[in-house]
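Peer 1: A single structure is presented below for examination.
The values are calculated or read from the model by the stated rules, or taken from the named source; none is laboratory data. Since we're looking at a predicted model, the values are computed, not measured. Don't worry about glycine lacking a Cβ; one is built from the backbone with ideal geometry, like all the others, and counts go over all protein chains shown.
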Amino acid sequence: MATATSIKLDEELKGRVQSLAAVRRRSAHWIMREAIAQYVEREEKREAFRQDTLRAWEEYQATGLHATAEEVEDWLANWGTDNELSAPVCHK
């Protein structure tokens with residue numbers, strides 16, 4: 001069930017939303033709801049990536065296992081070729 005909420009927009013932004021809504025043949029409500037949904041999804045993905053990065057850093061600090069940038073670059077440079085390399089093995 002959707003619930004109503006309010007948002008204060010300055011006149012310029014409100015006008016921009018209304019103009020875009022008119023061009024897209026949508027309501028200003030739809031434009032704002034879509035913008036918020038896209039923003040939240042993008043930020044959730046960004047936060048998940050940040051958390052993955054922190055976990056990887058913690059794992060590296062605990063184990064010392066890593067692949068060098070050169071090893072990873074060599075591996076990536078061969079993707080999709082006849083001489084595709086296996087992923088580099090992590091080491092200390």
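Peer 1: What are the pairs with Cβ atoms under 7 angstrom where one residue, in the stretch 67-87, is under 18 Å from Ala56 (Cβ atoms) and the other, located anywhere, is part of a helix (DSSP H, G or I)? Sequence gap at least six, or different chains.
Peer 2: Qualifying pairs under 7 Å: Ala87/Trp75.
Peer 1: In the stretch 67-92, which residues are of a type in the set (Phe, Trp, Tyr) and surrounded by 10 or more Cβ atoms within 10 Å (Cβ to Cβ)? Steps first, please.
Peer 2: Keep residues of the stretch 67-92 that are of a type in the set (Phe, Trp, Tyr), which gives 75, 79.
Once the filter is applied, which keeps residues that are of a type in the set (Phe, Trp, Tyr) and surrounded by 10 or more Cβ atoms within 10 Å (Cβ to Cβ), the stretch 67-92 yields only Trp75.
Peer 1: What about Gly64, is it loosely packed, with under 10 Cβ neighbours inside 10 Å, more than 30 Å from Ala4 (Cα to Cα) and without any contact (Cβ under 8 Å) to a residue 40 or more places away in the chain? Working first, answer last.
Peer 2: On the way: loosely packed, with under 10 Cβ neighbours inside 10 Å: no; more than 30 Å from Ala4 (Cα to Cα): yes; without any contact (Cβ under 8 Å) to a residue 40 or more places away in the chain: yes.
The answer is no for Gly64.
Peer 1: Can you list the helices (runs of 4 or more DSSP H) found entirely within the stretch 1-85 that contain at least 1 residues being at pLDDT below 95? Show your work before the answer.
Peer 2: Values: elements: 11-24, 28-63, 69-77.
Because the criterion is at least 1 residues that are at pLDDT below 95, the helices (runs of 4 or more DSSP H) in the stretch 1-85 that meet it are 69-77.
Peer 1: What tally of residues in the stretch 44-83 results from selecting those that are on the phi > 0 side of the Ramachandran plot and polar (S, T, N, Q)?
Peer 2: 0
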